[in-house]
Amino acid sequence: MKLSEIAARVGGSIPPESGDVEISGVASLRDALPGDLSFLANPKYADQLPTTRASAALVARDCAPPSCGAALVRVDSPDQAFAQIVPLFTPPPVAYAPGVHPSAVVGRGVSMGVGVHIGPHAVVGDGAVLGDRVVLCAHVVVGEGCVIGDDAVLYPLCSVRERCRIGRRVILHNGVVIGSDGYGYTTQVGADGAIAVTKIPQMGIVELGDDVEVGANTTIDRARFGVTKIGRMTKIDNLVQIGHNVQIGECCGIVSQVGIAGSTHIGDGVMIWGQAGLAGHLNIGDRVEILAKAGVHRDLAAKGIYLGSPAVDRREALRQFHLPKTVETLQKEVAALKAKLAELEKDSHS
């Protein structure tokens with residue numbers, strides 16, 4: 001594909017002297033070879049531009065890079081433009097032929113749309129509903145009464161427990177568990193001091209909206225009553241734990257190893273970075289951003305960026321971070337002043 005075609009697709013501009021080079025692939029600045037298109041979105045990697053072997057690179061319109069051999073295509077957002085171009089050079093996805101593998105087990109009263117693929121050793125429970133072009137890969141388990149929307153893809157070893165509902169075009173990566181029991185127990189101490197733990201039945205379900213994607217080995221617990229709900233277009237990374245009755249809005253991003261305790265409500269457009277932890281029964285407002293390793297113990301109603309444990313506004317967290325150093329400096333200054341004062345007192349008595 002000619003560079004001019006790529007520029008036209010992303011609304012980019014090319015200096016006349018760059019020429020209309022042929023592009024045959026995409027890669028990072030560091031790994032690119034002649035014929036590849038790369039991009040510079042983070043200034044941190046600007047020093048890789050002069051040495052890249054890429055034939056062309058997408059850069060911001062106001063970028064002033066050092067001299068380099070790559071033809072520069074100036075765009076509004078290199079990140080977004082590159083995301084538009086990558087699919088043009090991506091190998092076609094695996095094609096799953098419609099049909100049911102002989103080793104699969106399909107229960108009574110299952111409703112299947114057109115073009116459904118059920119792979120080896122998959123299990124579909126009684127009364128489940130599978131929409132058009134649903135893909136269930138090897139060893140997937142869909143429980144009784146589940147509903148799986150059109151064009152959903154469940155990769156190997158996923159489990160969707162009974163009665164849960166999965167929206168259209170949902171992607172569940174390997175090992176995802178939807179609808180396991182939430183952490184619900186009561187503890188009693190008898191007159192003799194013996195402790196007994198009683199399990200509370202988890203009667204609700206999980207509902208994933210359209211275009212949700214869930215990363216490998218993430219677990220989303222069914223509600224105690226009602227629904228644990230994930231809003232449309234929310235993207236969840238690997239190894240995330242979402243507790244019972246959690247409500248997550250639309251277009252959220254939740255990165256690896258986040259834990260969200262039960263009955264917490266999260267608004268639309270929220271971003272939660274890796275290893276953050278949220279206590280239960282909280283309300284998190286729209287467009288809040290929670291940075292990595294934050295510990296959230298209170299409601300965060302206002303849009304903002306939060307950091308630390310307990311999580312506070314990023315500016316306050318940074319002030320607290322620098323405070324010990326400030327105190328240490330003040331202690332040294334006070335010690336020096338006390339020493340000078342002691343000398344002055346000594347001189348006054350001599």
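So which of D126, D150 ends up being of a type outside the set (A, V, I, L, M, F, W, C), under 24 Å from the mean Cα position of the chain (by Cα) and assigned to a loop (DSSP other than H, G, I, E, B)?
On the way: D126 fails: under 24 Å from the mean Cα position of the chain (by Cα).
The conditions single out D150.
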Original post:
Do you know which residues across region 153-178 are hydroxyl-bearing (S, T, Y) and either modelled with pLDDT under 95 or assigned to a loop (DSSP other than H, G, I, E, B) (or both)?
Top reply: Y155
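The rows are residues; the columns are (1) aromatic (F, W, Y); (2) crowded, with 19+ Cβ neighbours inside 10 Å; (3) in contact with a helix residue (DSSP H, G or I) (Cβ under 9 Å, 6 or more places away or on another chain).
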| site | (1), (2), (3) |
| --- | --- |
| V270 | no, yes, no |
| A294 | no, yes, yes |
| P310 | no, no, no |
| V327 | no, no, no |
| L330 | no, no, no |
| E345 | no, no, no |
**OP:** Give region 49-58 a look and list any residue that's touching a Pro at 6+ places or on another chain (Cβ under 6 Å) and touching a residue at least 24 places away in the same chain (Cβ under 8 Å), or say none.
**Re:** S55, L58
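Residues of region 1-13 being in contact with a Lys or Arg (Cβ under 8 Å, 6 or more places away or on another chain) and part of a loop (DSSP other than H, G, I, E, B), which ones? So that I can check it myself, show each step before the final result.
Step one: filter region 1-13 for residues in contact with a Lys or Arg (Cβ under 8 Å, 6 or more places away or on another chain), giving 12-13.
Result: G12, single match.
Test G143 against the criterion of being among the small types (G, A, S) and on the phi > 0 side of the Ramachandran plot, and give yes or no. Walk me through it before giving the result.
Details: among the small types (G, A, S): yes; on the phi > 0 side of the Ramachandran plot: no.
So G143 fails the test.
Among A317, A335, A339, A302, which is the only one that is outside any helix (DSSP H, G or I) and either within 28 Å of the chain's Cα centre (by Cα) or aliphatic (A, V, I, L, M) (or both)?
Numbers: A317 fails: outside any helix (DSSP H, G or I); A335 fails: outside any helix (DSSP H, G or I); A339 fails: outside any helix (DSSP H, G or I).
The unique qualifying residue is A302.
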Original post:
Restricting attention to region 302-317, which residues are closer than 17 Å to A276 by Cα and not charged (D, E, K, R)?
Top reply: G304, I305, Y306, L307, G308, S309, P310, A311, V312, A317
**OP:** May I ask you to verify whether R161 is in the same structural domain as H117 (by TED's automatic domain parsing) and under 24 Å from A261 (Cα atoms)?
**Re:** yes
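Part of a strand (DSSP E or B), surrounded by 13 or more Cβ atoms within 10 Å (Cβ to Cβ), not aliphatic (A, V, I, L, M) and not assigned by TED's automatic domain parsing to the domain that holds R133: which single residue out of R53, R74 fits that description?
Going through R53, R74 in turn, the sole match is R74.
Name the residues in region 192-231 that are assigned to a loop (DSSP other than H, G, I, E, B) and of a type in the set (A, V, I, L, M), would you? Break it down stepwise before answering.
Pass one, region 192-231, residues assigned to a loop (DSSP other than H, G, I, E, B): 192-194, 200-204, 209-212, 215-218, 222-226, 231.
Selection gives A194, I200, M203, V212, A216, A223.
For region 232-248, enumerate the residues that are in a loop (DSSP other than H, G, I, E, B) and surrounded by fewer than 21 Cβ atoms within 10 Å (Cβ to Cβ).
Of the residues in region 232-248, the ones in a loop (DSSP other than H, G, I, E, B) are 232-234, 237-240, 243-246.
Of everything in region 232-248, those that are in a loop (DSSP other than H, G, I, E, B) and surrounded by fewer than 21 Cβ atoms within 10 Å (Cβ to Cβ) turn out to be R232, M233, D237, N238, L239.
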Original post:
In region 279-295, what residues are of a type outside the set (G, A, S) and within 20 Å of E250 (Cβ to Cβ)?
Top reply: L282, N283, I284, D286, R287, V288, E289, I290
Subject >> Selection status of G274, part of a loop (DSSP other than H, G, I, E, B), touching a Lys or Arg at 6+ places or on another chain (Cβ under 8 Å) and under 24 Å from T218 (Cα atoms) >> reply: yes
**OP:** Can you tell me which residue within region 159-177, out of those that are among the aliphatic types (A, V, I, L, M) and touching a Ser or Thr at 6+ places or on another chain (Cβ under 7 Å), is nearest to C146 (Cα to Cα)?
**Re:** V177
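It is to be established whether one or more residues within region 182-195 are acidic (D, E) and either touching a Gly at 6+ places or on another chain (Cβ under 9 Å) or not assigned by TED's automatic domain parsing to the domain that holds G259 (or both). Show your work before the answer.
Of the residues in region 182-195, the ones acidic (D, E) are 192.
Those left that are additionally either touching a Gly at 6+ places or on another chain (Cβ under 9 Å) or not assigned by TED's automatic domain parsing to the domain that holds G259 (or both): none.
Within region 182-195 (the criterion being acidic (D, E) and either touching a Gly at 6+ places or on another chain (Cβ under 9 Å) or not assigned by TED's automatic domain parsing to the domain that holds G259 (or both)), the answer is no, since none of the residues qualifies.
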Original post:
Which one of these does P34 not meet: (1) crowded, with 16+ Cβ neighbours inside 10 Å; (2) part of a loop (DSSP other than H, G, I, E, B)?
Top reply: (1)
**OP:** For residues that are surrounded by 13 or more Cβ atoms within 10 Å (Cβ to Cβ) and either under 29 Å from the mean Cα position of the chain (by Cα) or at pLDDT below 90 (or both), scanning just region 87-100, find the one that is nearest to R30 (Cα to Cα).
**Re:** F89
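Which of the following residues is touching a strand residue (DSSP E or B) at 6+ places or on another chain (Cβ under 9 Å) and surrounded by fewer than 18 Cβ atoms within 10 Å (Cβ to Cβ): I148, I178, I166, I195? Walk me through it before giving the result.
Values: I148 fails: surrounded by fewer than 18 Cβ atoms within 10 Å (Cβ to Cβ); I178 fails: surrounded by fewer than 18 Cβ atoms within 10 Å (Cβ to Cβ); I166 fails: surrounded by fewer than 18 Cβ atoms within 10 Å (Cβ to Cβ).
That would be I195, the only listed residue that is touching a strand residue (DSSP E or B) at 6+ places or on another chain (Cβ under 9 Å) and surrounded by fewer than 18 Cβ atoms within 10 Å (Cβ to Cβ).
Do you know which residues across region 8-48 are charged (D, E, K, R) and touching a residue at least 12 places away in the same chain (Cβ under 8 Å)?
Our first condition is that a residue be charged (D, E, K, R); within region 8-48, this holds for 9, 17, 20, 22, 30-31, 36, 44, 47.
Listed by number, the residues that qualify are R9, D20, E22, R30, D36.
The values are calculated or read from the model by the stated rules, or taken from the named source; none is laboratory data. On a predicted model such as this, the values are computed, not experimentally measured, just so you know. Because the Cβ atoms are built from the backbone with ideal geometry, glycine has one as well, and the counts that use them run over all protein chains shown.
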